Amino acid sequence: MYESLEEIIKQENVKGIAFWRLIQLDDCKERGVTEEQSFENMKSMYLAMKDSVRDYDPDIRSHSGLIGGEAAKLRKYINEKKLLSGDFIGEVMEKALMVAESNACMKRIVASPTAGSCGVVPAVLLTVQDRFRLSDEKMTEALYVVAGVGGVIAIRASLSGAEGGCQAEIGSASAMAAAGMCYLLGGSGEEIANAAALGLKNFLGLACDPVAGLVEIPCVKRNVCSAVNAVTCAEMTMAGIKSRIPADEVFDAMRSISRNMSDSIKETATGGLAVTPTGRKLTEKLKLSH
């Protein structure tokens, strides 16, 4: 597995092999599968992302009763022509809620990179596909790019909220989604890395502070913000706006920050929003109901 985006970009430039293909070939080598098997496996994950949106049920609620129906509320708001941010962003927000809610309600999702951040990548990629009418094959290529960025983050830092705080989950997801969107917009390896750098920088230091220890509050709404952030970072990149800090160094910074974070804001539900007065009340209410 590649240990830096710089290495992937170098291989892309020297060998003339596309970013996504380098990740595919690395997957084939690591798992001992053919290119066709690798591609079909990745495609199946993308199709599962599409299914998670298609099968969204606005009437279902999580076991706690805290999550459910939010995407339907947003759709109603959009249909009433009240949304100022535009149809594209509206669709990204809606899909992020759909998938994140489905996770909270124990429906099928793809952890990309984690269950708590599962709505980010699908929201961005599916909306781009709809806008440009791209094939599932093209979207599978983008998912390789997403996976390549996630793999490097995993090696250099972490994708775990318990280890690195929410920056490692929702921040990494945003970087991955921004990279995938950048690829679909025609971005080079350098631009893909730039989008990833911009995407993660905005979430450095973010606490993982789930109320009652559930992947519901504030996780579901953070998926929306992370997805929108990914779109803006991809757009800035394609406009020629550069991150002054290279992606690999941003990933390293996240690792350093995670080491300095208190364990109370690393998925333990003993700090941050989890211990606010309302957070404590919700936790006690859930305990009494069981």
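Just so it is clear, none of the values below were taken in a lab; they were calculated from the coordinates. Just so you know, these numbers come straight off a predicted model, no measurement behind them. Don't worry about glycine lacking a Cβ; one is built from the backbone with ideal geometry, like all the others, and counts go over all protein chains shown.
Comparison of L273, L282, L198, L286 shows that the only residue that is over 24 Å from S64 (Cα atoms) and either touching a helix residue (DSSP H, G or I) at 6+ places or on another chain (Cβ under 6 Å) or not aliphatic (A, V, I, L, M) (or both) is L198. Taking the listed residues S38, S44, the one that is without any contact (Cβ under 8 Å) to a residue 40 or more places away in the chain, of a type in the set (S, T, N, Q) and surrounded by fewer than 16 Cβ atoms within 10 Å (Cβ to Cβ) is S44, with no other qualifying.
Every residue, every condition in (1) part of a loop (DSSP other than H, G, I, E, B); (2) under 30 Å from T283 (Cβ atoms), yes or no:
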position	(1), (2)
H63	yes, yes
L66	yes, yes
A71	no, yes
I78	no, no
L84	yes, no
M93	no, yes
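Is it true that V110 is in a helix (DSSP H, G or I) and crowded, with 18+ Cβ neighbours inside 10 Å? No, not satisfied. Comparison of L134, L159 shows that the only residue that is over 19 Å from N229 (Cβ atoms) and among the hydrophobic types (A, V, I, L, M, F, W, C) is L134.
Tell me yes or no: at least one residue of segment 202-217 is outside any helix (DSSP H, G or I), acidic (D, E), touching a residue at least 12 places away in the same chain (Cβ under 8 Å) and crowded, with 24+ Cβ neighbours inside 10 Å. Yes, the conditions are met somewhere in segment 202-217. Among residues of segment 1-16 being crowded, with 16+ Cβ neighbours inside 10 Å and not aromatic (F, W, Y), the one that is nearest to L74 (Cα to Cα) is L5. Applying a threshold of 9 Å to beta carbon distances and a minimum spacing of six or more residues, or different chains, the list of pairs starting in segment 78-89 at a residue that is closer than 18 Å to A123 by Cα and ending at one that is assigned to a loop (DSSP other than H, G, I, E, B) reads I89/L83.
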